[in-house]
Protein chains: 2
Amino acid sequence: MKLEMICTGEEVLSGQIVDTNAAWFANVMMEHGIEVQRRVTLGDRLEDLIAVFQERSLHADIILVNGGLGPTSDDLSAEAMAKAKGEPLVENAEWRAKMEAWFSRNNREMPASNLKQALLPESAVMVDNPVGTACGFRVKLNRAWLYFTPGVPFELKHMVQEQFLPFIKQEFGLDAKVALNKLLTLGHGESTLADKLEALELPAGITIGYRSSMPHIEIKLFARGDKAIALLPRVTNHVRQVLGTAVVAENRATLAEEIHHRLLNSGLSLSLAESCTGGMLTSQLVAFPGSSSYLHQGLVTYSNESKVRILGVQPSTLDDHGAVSIATVEEMAMGARAILDSDYALATSGIAGPDGGTEEKPVGTVAIALATKGGCYSQMIQLPRRSRELVRSLSSAVAYDMLRRELLGEAVIVDYSSIGRFAK
Amino acid sequence: MKLEMICTGEEVLSGQIVDTNAAWFANVMMEHGIEVQRRVTLGDRLEDLIAVFQERSLHADIILVNGGLGPTSDDLSAEAMAKAKGEPLVENAEWRAKMEAWFSRNNREMPASNLKQALLPESAVMVDNPVGTACGFRVKLNRAWLYFTPGVPFELKHMVQEQFLPFIKQEFGLDAKVALNKLLTLGHGESTLADKLEALELPAGITIGYRSSMPHIEIKLFARGDKAIALLPRVTNHVRQVLGTAVVAENRATLAEEIHHRLLNSGLSLSLAESCTGGMLTSQLVAFPGSSSYLHQGLVTYSNESKVRILGVQPSTLDDHGAVSIATVEEMAMGARAILDSDYALATSGIAGPDGGTEEKPVGTVAIALATKGGCYSQMIQLPRRSRELVRSLSSAVAYDMLRRELLGEAVIVDYSSIGRFAK
C-alpha cells in the first residue's frame, strides 16, 4: 500500500504557520507501521489542486488530503476534486441537516456560506466529522482513494483516529498488529547510544529508532506482529539494562511529565528556586493540570538581593563563592525547602550566556542542588558551546533527573557522557 | 519566476521532526515578495529523489532542495541529482581543500566519510558554505535551476540569505525592492481587525496580511517598489490609528520582547508574582540575554501559604476574597514590588483549567495587577473556552500590555473585544 499526503492552504505553503498536521499524521502512521511516502504542499489555486490530485492518483493507493474544507472562497478542495474527476458537486442532504441541527442547537442561524460545506463531488463517500462543520469525504480516482480531512488540528486528529485508520486497515487488509515503547534518555549523544545498542541482537519484527527531542534523545522500540509484540517488554528491559542510567523515563515526552506523575497524589511537596533556568522548571510543571497539589512555589531569584531576601542565602556566601557555586545553590535549595517545609526543593544557578562567563566559570557553568528533609545533593555541570535556550533546558532536565532518582531511592548524581562536571 | 521547494529526509517525512526549515524559507521568500508555489517532501530513497528532480524541473524555474548533503549513506541528494541529469559525480577540489583545512584547524583528521561531501554532479556550480562541511551547489536541468542547501537550519539560513537570494535576484532580474512592517495586536480576532481595515484604501503596491501567532494576531504591511516603500510609514501610522489600542508592538514577535527592550538599559526594575501563569511571565523575559539587568525576581507563589509567606498577602484577604480576586492579586503585586523596592511588579492569579472553576469564577477567570511606586492597577478578565495553555499565554500578554502602557504613560487598562472583563 502506497500512502501519500497532500497539504493545502496558502498559510501552510507560505510559512505563516508551521505544518504540524503533517508531522503529526506521519508520526501516527509510523506508530501503526505505515509509512508516508511523499508529501506535497500547495496553495489555494484551483488548477494546481486539480493537477496534483490527478497526478498523484496515478502513483499512490491512498492519499490523505488535508485542508480546504472550510466555508470561505479560498476553500477549494471539494471543487478541485470534482473537476479532477470530471463530475459535478452535489449537495449532501445528510451533512446539510447535521449542520443545520448544530447551528440551531447553538441558537444561531446558519450563515449561507456554510451551505458550501455540504457540497461534495458526486461520487464521494461522506466521512463524518462529529467535532466540526467541515464534512470529510473520500473519492476514488485512478489507482487511489483520495481522503479529504479538515485543516483544524483537533478535527483532523479525530477523523484520522476514528475513521481513516479503520478504513485503510479494512481496505488494504492491514491487520498487522504493532506496538511501540519509547525510552527517554538524557545526557548521551545519539551516536553513543547507537554504539551501545548496535551489538544487540533484536528478535525479528522489532526495530529501534532514534528521535532528537532536545534536551533528550528518544529511543523508539517498534514491534510488528503478535510474536514481536509479546517479546517487546523483554527487549525493552534489555535495552534499559544496556543503557543503564541513560534512560530517565518510559513513554513520557519530558522529564517534567515524569516528575508530575510521580508527585501527583503522592502526598509529597516540592519547591523550586531558579536562577538561570528562570522559571522553566516551574512553568514545565504548571503546564500540567493538578500540579497545584504538590507544587508549593517556584521562586525565580534572579538578582543576588532576591536570593538573600527570599531564600535566606548568606551575603557572605555570595561574596566568597559567587552566585554560581555549590555553596550558593545549596543555600538556595535549603532556603526554598524551609519556607513551607516542603519535602523537596530544587535549585539552579548558572551562566546561560551568551555573555557573562569568566575563565574560571565559563558560559554553560550551572550549579544544581536538591534539598530533602535529610540533606542536600549538589553538582556543578559544564555545558560549553550550547545556546542559552539549551543551557537552560539541559539544566532543567538534570535537576529533574536528580529529583527522580531521589524519589526512586537511587544514587542522585550520575555521569552523563555529553555533560561535563566540575570536581567538587 | 516559478519557485518550488523540495524537502528531503526520512526524519522530516516521517514526522520525527517538524519541518521548520520549510516554513522559515517560505516566510523569508514572502518577505522578499516571492511566492513558493509548491513544496514536495520525500524520504531518502534514491529512485524517488531522481524522479522528483526530473519531474519538477519541467515545471519550475528554480527549486530550492533542502537536506541530504551530509556525510552518511542516507545523504543522497548529490548522487540523485547526478543520476537525474545522467552525469557522473566528480570531486570538487576546492571544497575538499576547504574541508581538510577546517579539520586541520580543529586538530582533527578528516574522516574518510566526509570525502563524499566534495562529490558534486559534473555540471554543478559550487555554492560556498562558510559555516559547515556540507557543500551547496546548483545544477541546471530542463527548465529549472536546482539549488541544493544543507538541512542544518543555521547553515540553510546562512546560504539562503547570503547566496540564494542574490542569485535569484540576479538570475531572474528581481530588483523590485520590498519592505515589510509587522504590527503585533492583542485581544481582537482576525475578522474584527479585518473588518476595521477593509475600508482602508491602500496605495498601489501595499498589501495587508494576517498571521495568527497566539495569543497575538500579527498584521503584515507589505510594500513592493520604491513608491510603495516610501508610503509605508504613513500607511503604518494610519493602520495604527484605525486599530487604536489593538496594536501593542511594531516589528516584535512577542510582548515580552517589547517589554525586554523597553526595560533594558532603562534603569528601571521589575518583580513578578505569578500564580496561574506559573513562571511563563518570568521565563519569557529570562529567555533574553541581559534580562538580569532589570529583572529582580519572579515569584511563582502557587500555593496560598506561599502567597502569605513570600509576598505578605493577608490570610484574611485570601479567606474573604479567595486566591483569584482583585484584592489578592493587588496584595501579591504590592508585596512583590516591596521586597526589593522594584519600580514595577506584575501579579497574576487565575483558574487556568481544565478543572477548578466555580459558578462565580469559572475556568478562565484571571486577576491581574500592576503595582508601581505610586499605586496599583488591576483587572479581572474572563477567558472562557480557552485551553489551559491559552489562558496562561493570554493572561501573560495582558499583564505585559498593562506594564507597556504604564511605561508609555497611557491608560493602563483598555478594552479587548475578544477578552471579557468582570465589573470591578
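The values are calculated or read from the model by the stated rules, or taken from the named source; none is laboratory data. On a predicted model such as this, the values are computed, not experimentally measured, just so you know. Here the Cβ positions follow ideal geometry from the backbone for every residue, glycine too, while neighbour counts run over all protein chains shown. Just the protein is used for accessible areas: all its heavy atoms, side chains included, with ligands, DNA and RNA removed. Shrake-Rupley method; radii C 1.70, N 1.55, O 1.52, S 1.80 Å.
Laid out as a table, the results:
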| read-out | value |
| --- | --- |
| Residue-level accessible surface for residue A:276, protein heavy atoms, 1.4 Å, Å² | 10 Å² |
| Relative contact order of the range A:255-401, pairs being alpha-carbon contacts under 8 Å that are 6 or more residues apart, as % | 25 percent |
| Sequence-distant residues sharing a close amide H with residue A:43 (under 5 Å, placed H) | A:9 |
| Bridge type composition, the range A:255-421 - antiparallel percent by DSSP, nearest 5 | 65 percent |
| Label-zone membership for the range B:24-54, site residue B:229, 7 angstrom Cα→C-beta point, backbone N under 18 Å | B:28-35 |
| B:387, A:395, reordered so the largest accessible area comes first (probe 1.4 Å) | B:387, A:395 |
| Mean projected area in nm² (Cα convex hull; one quarter of hull surface) for the range B:178-250 | 4.3 nm² |
| Per-selection Rg to Rh, chain A - Cα, Kirkwood hydrodynamic radius | 1.08 |
| Helix-derived mean residue ellipticity, 222 nm - over chain A, DSSP H n ≥ 4, -39500 (n - 2.57), to 500 | -11000 deg cm²/dmol |
| The range B:200-212 - phi-based ³J(HN,Hα) in whole Hz, Karplus 6.51/-1.76/1.60, Gly and Pro as x | 4, 8, 8, x, 4, x, 10, 10, 10, x, 10, 9, 7 |
| GluC sites (Glu not before Pro) within the range B:315-424, DSSP loop, no more than 16 other Cβ atoms inside 10 Å | B:359, B:360, B:410 |
| Over the protein assembly as shown: Rg over Rh, Cα atoms, Kirkwood Rh | 0.97 |
| For the range A:1-160, the spread of Cα positions along each principal axis, largest first, Å | 44, 32, 29 |
| Distant-in-sequence amide H partners of residue B:145 (H built 1.01 Å from N, under 5 Å) | B:62, B:63 |
| In range of the label at residue B:24: residues from the range A:350-365 whose backbone nitrogen is under 20 Å from the point 7 Å along Cα→Cβ | A:354 |
| Chain B Cβ-axis minimum, rotational copy A, residue and distance in Å | B:279, 2 |
| Two-site FRET efficiency, residue B:202 against residue B:355, from Cβ-Cβ distance with R₀ of 30 Å, rounded to 0.05 | 0.05 |
| DSSP bridge pairs, chain B: antiparallel proportion in percent, nearest 5 | 65 percent |
| Shielded residues, the range B:3-30 - accessible-area loss of 30 Å² or more between chain alone and all protein chains, probe 1.4 Å | B:13, B:14, B:15, B:16, B:18, B:23, B:30 |
| Buried accessible area, chains B and A (both chains, 1.4 Å probe, Å² to nearest 100) | 4800 Å² |
| Peptide-level mean, for A:274-281, of C-beta atoms on other protein chains within 10 Å | 6 |
| Entries of A:2/A:227; B:98/B:169; B:2/B:177 with Cα pairs more than 21 Å apart | A:2/A:227; B:98/B:169 |
| Residues whose placed amide H lies under 5 Å from that of residue A:418, excluding near-sequence neighbours | A:188, A:189 |
| Spacing of the two label points (7 Å from each Cα toward its C-beta) at residue B:190 and residue B:266, in nm | 3.2 nm |
| Hz values of 3J(HN,Hα) by residue in the range B:261-276 - Karplus curve (6.51, -1.76, 1.60), Gly and Pro given as x | 6, 6, 8, 4, 6, 8, x, 8, 10, 9, 10, 10, 10, 10, 10, 5 |
| Minimum 40 Å² accessible area buried by the other protein chains, the range B:205-229 residues, probe 1.4 Å, relative to alone | B:211 |
| Shortest-first nm distances, residue A:166 label point to equivalent points in other copies (7 Å, Cα→Cβ) | 5.9 |
| Rounded to 5, the percent of DSSP beta bridges in the protein assembly as shown classed as antiparallel | 65 percent |
| 1.4 Å probe accessible area per residue over chain A, in Å² | 40 Å² |
| In sequence order, calculated HN-Hα J values of the range B:109-119 (Karplus, 6.51, -1.76, 1.60; Hz; x Gly/Pro) | 7, 6, x, 4, 4, 5, 3, 3, 6, 9, 8 |
| Chain-alone versus full-assembly comparison, the range A:321-361, residues with accessible loss of at least 50 Å² (1.4 Å probe) | A:339, A:340 |
| At 7 Å out from Cα toward Cβ: residue A:234 inter-copy label distances (nm, ascending) | 8.1 |
| Loop-resident sites, the range B:112-165, for trypsin sites (Lys or Arg not before Pro), counting at most 15 other Cβ within 10 Å (DSSP) | B:143 |
| Nm distances between copies for residue B:103, ranked from closest, using label points 7 Å along Cα→Cβ | 6.8 |
| With every protein chain in place, chain B: carbon and sulfur % of accessible area (1.4 Å) | 49 percent |
